[in-house]
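This report concerns only the one structure given below.
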Amino acid sequence: MNRIDSRFQELAQAGKTAFIPYITAGDPTLDVTMEVVLALEKAGADIIELGVPFSDPIADGVVNQEAAQRALLHHVTLHDVVAMVSKLREKTAIPLVLFTYYNPVLAYGHEAFARDAAGAGVDGVLCVDLPPEESRDYRRLLHDFGIATIYLIAPTSTEERIRIIAEASTGFIYYVSRTGVTGVRQDIESSVGDMVQAIKRYSDTPIAVGFGISTPEQAREVAGYADGVIVGSAIVRQIGEQGADPSMPGAVGAFAKTLVDATKGL
Amino acid sequence: MKNFEPLSETQHAPYPYPDDRGRYGEYGGRFVPETLMHPLEELEVAYADACADPGFQEELRQYQKDYVGRPTPLYYAQRLTEHLGGARIYFKREDLAHTGAHKINNALGQCLLAKRMGKTRVIAETGAGQHGVATATAAALLGLECTVYMGTEDMERQRLNVFRMRLLGTKVQPVEHGSKTLKDAINEAMRDWVTTVGHTHYVLGTVEGPHPFPMICRDFQSIIGKETRRQILEKEEKLPDLLVACVGGGSNAIGLFFDFIGDETIRMIGVEAGGFGPETGKHAARFAGGVLGMLHGALSYVLQDKDGQIDLTHSVSAGLDYASVGPEHAYLKSINRVEYTYVTDQEALDAFQLCSRLEGIIPALESAHAIAHICKLAPEMEADQVIVVNMSGRGDKDVQQAARFILPEEDQ
C-alpha cells in the first residue's frame, strides 16, 4: 500500500487529522532541505510536500516565488529533487509528495519521471498546472509505478469538475481554500467547510485543505472538518528569513510543532 | 477599377482547429491551475454565444469602422519595391489602426466580450506596450476598470506607452521578477486573474495561453487577412504570392495568414526575433532553438533548458521578446504550411531605417523584423509577383530605443 494511504488509514483509526507542511526543495540548499524534512517529521508532520523549483510559478505568491528563485540560483532541478528523495529514504519513511509545475515533468518525460520517482521513494505527485483532462498518460504511468496523483479542487470548481477530479485523485484531494495564489492569509473563508462536505459526496479519498493557512488557530479550525491541513508559505517564509543559519531546521521544527498540536487538537 | 466580388472567406476545406480539447494538432490545450478551469469553460461558452449573436457582431463591426478606422489601407510601397528591385511590395497598414497597432482588434473584441459577461474589470499583460495601450483604450471606451502588468525592463524601453496607458486611466503595475519582460508580466497577470476571476476578465494579448484564448485572439485578428484578400484582388486582380509577418506570440501573423491557409499556392513566412543570433543564446527564435514545452497554459515550442526551466530571451523589440509561441503557429509549422525564420536585431534596425527613409513610414521594431526579411526575398522574386507584409504597428514608441543603437552618442 502507498505510504500516503497507510498514513491516512492510521489517522482515521485514531480520529486524527493529518498535518502536511510544504517546503521548497533546494531552499537554501538540498542538504539543508533534508535536515528540514527530518525536523518536520520529528515535529509530528504526517506527510511532507516538496516543492520543485520552477522559473515561472504562476500559482505561487511572492513567498514561494522567492524560495524557488533561491533554489534556482544553484540550479536545483527535478532530477536533483528526485535524487534527494532517494537519499532521504535512507533516513525516513515519511510519505513524500512532489508539488511541481508541469514543464519540468514534461522535459523529464512522463515515463522516466514515474520510474525514477517511484525508485527514489516518492509517494505522490501534485502537478499544479496539469488538470485531469490533460493528464491521462501521466496519470496512467504514475499509477503503474504506484505513485498517487493528487489534484486540486478550487472554490470555482463546478460539481461536474469535482466529479472528474475526485475520480482522477488518489492519495488525497487538495482543496484550495481561496481563489488566488499560495500565501499567508488573515482568515479562512467560511465556505471551506461546506465545500469539503460537498466533495465528500463524490469521493472517499481524504481531503486536505491548503492555500493561506498560517497560524495554529487556522489549523485548528480547518482540522475540524478536513482530513488534512496543509501549511506552506508560513513555513517557507521562516526558512527564507533564517536561511543558512544552522539553527534554522530546529526553529522551523518548533514552529511546525505548534501547527501539529493545533491540527491534532492538543 | 474592376470591382471584384470577394472570394468566399472560407473557400478552403473546413479547418478543424482548435478541436474540442483546444488543440491544434498536438499543440495548445488548457494547462492551468484548477481555479481557472471553470472560468475558461465559461469564457468559451460566452464567446460562442457572442459569435452567434448578430447584435454583438454588429456592435463590433461598428466600433471597428468608426472607432478603430477599419478597413486599414493596403498600401503599395513603390520606393521600397524599386529599391529592392523584385516583387511588388504591399504593406497592410495596421499601424494606421487607432492606437497604432493591430492589438486593438483583439483588445476591443475581448473588452466587448468582458462587458457582455458582466465583468467590471479587465487586466492585461504587455511587452512593447501596444497591447496594454489597446486594452487601456478599449477599457476607457467601455467604462471598464483596467490594470496592465508590464516588466520594468519593458517599461524602460517603452516609456511613451507607459504614459499613454496612465493617461487613459489605466493602472500600470510594474513587474520586477525574473527577466522583467513579457513572460513575467504574463505570470503576474495570471496571478491577478486567479485571485479576481469573479469580476475580472483577462484580456490576453496574443494567440497564446490556455484554450480558448488563442482561438478568440485569432478570430478577432483574422479581419486583417479578410480585408487583405479583398484589397489585393482590387489592386492586383490576383492573390499575393507571399505573406510575411513578424511573430512574437504570433497574433498579427495569424491575423494576416488565417484567411489564406487554404490557398495552398500562397507562401507564408513568420519572422521571429533572432536577437544577437540563435548561436549566442540571446534571442527569441523559438522555432530555431525551442523544443516542445508548456508555458502559460499551452503546449508549443518553448525556449528552455534541458530540465524544463524557461530560458531568458532577448530581442531589441519588446513585443517579440518571449520564450514561447502561439500553439497554432507550432501546428502550422508541423504541417509545413507556414515557414518560420528569424532576423537579427541589427537586420531589424537596418530595415527600420530603410523603411523610414524610403517610405516615410516609421515601422514598429516588431514589424521591422518582417520588413528585414522581405529585403532578403524581394530581390530574388519576379517583378510581377506580389508580397504583402503586415505593418503590424507604428514605430513612434520605439524611437528612443532605436536611437540608442542608431544615432552617434552626441545626438542622443
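Odds and ends about this structure:
- For the residues A:Thr33, A:Thr29, the requirement of being open to solvent by less than 20 Å² (accessible area, probe 1.4 Å) and of a type in the set (S, T, N, Q) singles out A:Thr33.
- Residue under evaluation A:Phe172, criteria (1) under 21 Å from A:Asp60 (Cβ atoms); (2) within 14 Å of chain B (Cβ to nearest Cβ), criterion not met: (2)
- Residues in segment B:356-372 that are surrounded by fewer than 20 Cβ atoms within 10 Å (Cβ to Cβ) and farther than 13 Å from B:Ile89 by Cβ: 3 in all.
- Residue match in segment A:23-46 (condition: without any contact (Cβ under 8 Å) to a residue 40 or more places away in the chain and of a type outside the set (D, E, K, R)): no
- Test: residue in segment A:95-110 that is open to solvent by 10 Å² or more (accessible area, probe 1.4 Å), away from chain B (no Cβ under 14 Å) and free of Cβ contacts under 8 Å to residues at least 40 places away in the same chain: no
- Those residues of segment B:284-299 which are in contact with a helix residue (DSSP H, G or I) (Cβ under 7 Å, 6 or more places away or on another chain) and more than 12 Å from every other protein chain (Cβ to nearest Cβ), in sequence order: B:Ala284, B:Ala285, B:Phe287, B:Ala288, B:Gly289
- Residue identified as within 14 Å of chain A (Cβ to nearest Cβ), β-branched (Val, Ile, Thr) and touching a residue at least 12 places away in the same chain (Cβ under 8 Å) among B:Thr135, B:Thr181: B:Thr181
- Of residues in segment A:175-202 being open to solvent by less than 10 Å² (accessible area, probe 1.4 Å) and not in a helix (DSSP H, G or I), the one nearest to the other protein chains (Cβ to nearest Cβ): A:Gly180
- Residues in segment B:300-330 that are more than 8 Å from chain A (Cβ to nearest Cβ), crowded, with 24+ Cβ neighbours inside 10 Å and touching a strand residue (DSSP E or B) at 6+ places or on another chain (Cβ under 8 Å): 19 in all.
- The set of residues in segment B:250-269 that are open to solvent by 10 Å² or more (accessible area, probe 1.4 Å) and either more than 20 Å from B:Tyr342 (Cα to Cα) or among the small types (Gly, Ala, Ser) (or both) comprises B:Phe258, B:Ile261, B:Gly262, B:Asp263, B:Glu264, B:Thr265.
- Test: residue in segment A:123-134 that is more than 8 Å from chain B (Cβ to nearest Cβ) and either open to solvent by 30 Å² or more (accessible area, probe 1.4 Å) or at positive phi (or both): no
- Residue check, B:Thr206 modelled with pLDDT of 95 or more, closer than 22 Å to B:Ile371 by Cα and among the hydroxyl-bearing types (Ser, Thr, Tyr): yes
- Matching option when the condition is among the polar types (S, T, N, Q) and open to solvent by less than 10 Å² (accessible area, probe 1.4 Å), among B:Thr135, B:Thr195: B:Thr135
- Residue pairs whose Cβ atoms lie under 7 Å apart, sitting 6 or more positions apart in sequence or on different chains, and linking a residue in segment B:20-46 that is more than 8 Å from every other protein chain (Cβ to nearest Cβ) to a partner that is in a helix (DSSP H, G or I) and charged (D, E, K, R), are B:Tyr24/B:Glu328; B:Ala46/B:Arg116.
The values are calculated or read from the model by the stated rules, or taken from the named source; none is laboratory data. Just so we're clear, the structure is a prediction, and the values are computed from it rather than from any experiment. Glycine also receives a Cβ, built like all others from the backbone with ideal geometry; neighbour counts cover every protein chain displayed. Areas reflect the complete protein model, heavy atoms only, side chains present, ligands, DNA and RNA absent. Shrake-Rupley method; radii C 1.70, N 1.55, O 1.52, S 1.80 Å.
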